Amino acid sequence: MAKFSKNSMVLCFLVAIVFVISSASASTRLKKFDHPTKGDGTLNFLVIGDWGRRGTYNQSHVARQMERVGEKLDIDFVLSTGDNFYDNGLTGIHDTNFVESFTNIYTAKSLQKQWYSVLGNHDYRGNVEAQLSPYLRKIDSRWVCLRSFVVNAEIAQIFMVDTTPFEEKYFTTPKDHIYDWRGVLPRQAYMANVLKELENALSESTAKWKIVLGHHAIRSAGHHGDTPILVDRFLPILRKYDVDFYMNGHDHCLEHISDTESPLQFLVSGAGSKAWRGDTKGINRDDVHFFHDGQGFMSVELTPTEAEIKYYDVFGSVRHRWNRSKLLLHSAM
């Protein structure tokens with residue numbers, strides 16, 4: 001009987017260890033949203049960032065051009081690179097800024113698709129839990145916003161990541177701003193988990209196209225320039241797992257920059273409303289293919305072997321076009 005009890009204790013101990021390991025593994029897995037495509041092997045979507053200003057600073061004008069392009073491409077969804085509501089995020093789930101800056105602006109039929117969004121630094125200045133709340137989907141069913149998650153769109157997987165907590169200045173020198181760090185502290189542990197979740201998800205991906213999207217730039221010739229901690233912590237992971245595109249906002253402009261050590265492309269779309277005219281850093285770098293310091297947005301058209309990226313200005317004109325083939329890498333203006 002004593003022997004049986006001892007063996008039982010060992011078995012229970014082993015089961016407990018397996019449970020702990022499984023729980024830890026589960027905690028480092030990103031929530032996944034399966035988004036079925038049209039079934040013809042293609043995927044089309046728009047990317048916009050830094051937009052929510054109740055229609056001002058040409059936000060409404062950009063929205064009208066998105067309507068036109070969205071209808072032409074029959075888009076599957078829209079991606080938002082963050083800073084969704086200015087100047088200080090949402091005050092709560094009943095903040096009228098949500099309807100006035102989102103629902104009442106992007107009213108076109110072609111834009112009545114899912115909007116997948118990440119948080120920007122301005123969003124963290126408000127009630128973050130409100131912006132993440134499922135209650136907002138009762139107001140507008142298009143809205144999906146989490147800290148980090150994956151959009152599984154058959155031929156492509158889009159890894160949406162929370163980059164704001166990586167910027168130390170928001171913690172050490174917040175100026176007059178108050179940030180909502182609930183769910184983020186302790187910061188070092190949170191950052192480590194974001195990176196682990198991202199790497200785990202990328203390592204398991206078999207998608208034809210791998211796209212990572214965050215608010216802050218890895219490479220940028222705009223006002224904020226490169227983000228050193230993302231260059232140090234994110235870039236090696238993206239190169240390791242052959243990520244095709246890193247998309248972001250934060251700089252209020254449109255940019256296309258190539259990585260110097262891999263096929264990775266940095267695509268900036270942060271021009272949804274207020275733009276910073278003439279505010280540049282290193283625009284003459286050899287890796288910068290395109291820079292526009294006005295309002296606009298980006299479209300992405302994917303097949304299993306081809307990608308086409310287009311940047312549109314506030315008038316709907318195509319300012320830059322770039323193509324990639326999985327069989328032959330090339331670009332064209």
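The values are calculated or read from the model by the stated rules, or taken from the named source; none is laboratory data. Not measured: the values here are computed from a predicted model. For neighbour counting, all protein chains shown are included, and Cβ atoms are generated from backbone atoms with ideal geometry for every residue, glycine included. Please note that ligands, DNA and RNA were not included when accessible areas were found on the heavy atoms of the full protein model with its side chains. Shrake-Rupley method; radii C 1.70, N 1.55, O 1.52, S 1.80 Å.
Okay, here's what the table says:
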{"read-out": "Only one of ALA307, ALA271 that is open to solvent by less than 60 Å² (accessible area, probe 1.4 Å), in a loop (DSSP other than H, G, I, E, B) and not polar (S, T, N, Q)", "value": "ALA271"}
{"read-out": "Residue match in the stretch 225-239 (condition: touching a helix residue (DSSP H, G or I) at 6+ places or on another chain (Cβ under 6 Å), among the hydroxyl-bearing types (Ser, Thr, Tyr) and not in a strand (DSSP E or B))", "value": "no"}
{"read-out": "Extreme residue, surrounded by the most Cβ atoms within 10 Å (Cβ to Cβ), among residues of the stretch 164-175 that are at pLDDT 95 or above and in a loop (DSSP other than H, G, I, E, B)", "value": "GLU167"}
{"read-out": "Flag for LEU90 being in contact with a strand residue (DSSP E or B) (Cβ under 7 Å, 6 or more places away or on another chain) and crowded, with 16+ Cβ neighbours inside 10 Å", "value": "no"}
{"read-out": "Qualifying position, being among the β-branched types (Val, Ile, Thr), touching a helix residue (DSSP H, G or I) at 6+ places or on another chain (Cβ under 8 Å) and in a loop (DSSP other than H, G, I, E, B), among VAL150, VAL184, VAL194, VAL212", "value": "VAL184"}
{"read-out": "Filter pass, TYR106 being closer than 17 Å to THR81 by Cα and out of contact with any helix residue (DSSP H, G or I) (no Cβ under 8 Å at 6 or more places or on another chain)", "value": "no"}
{"read-out": "Residue match in the stretch 99-112 (condition: open to solvent by less than 10 Å² (accessible area, probe 1.4 Å), under 17 Å from HIS215 (Cβ atoms) and among the hydroxyl-bearing types (Ser, Thr, Tyr))", "value": "yes"}
{"read-out": "Test: residue in the stretch 83-95 that is in a strand (DSSP E or B) and either modelled with pLDDT under 95 or under 26 Å from PRO165 (Cα atoms) (or both)", "value": "no"}
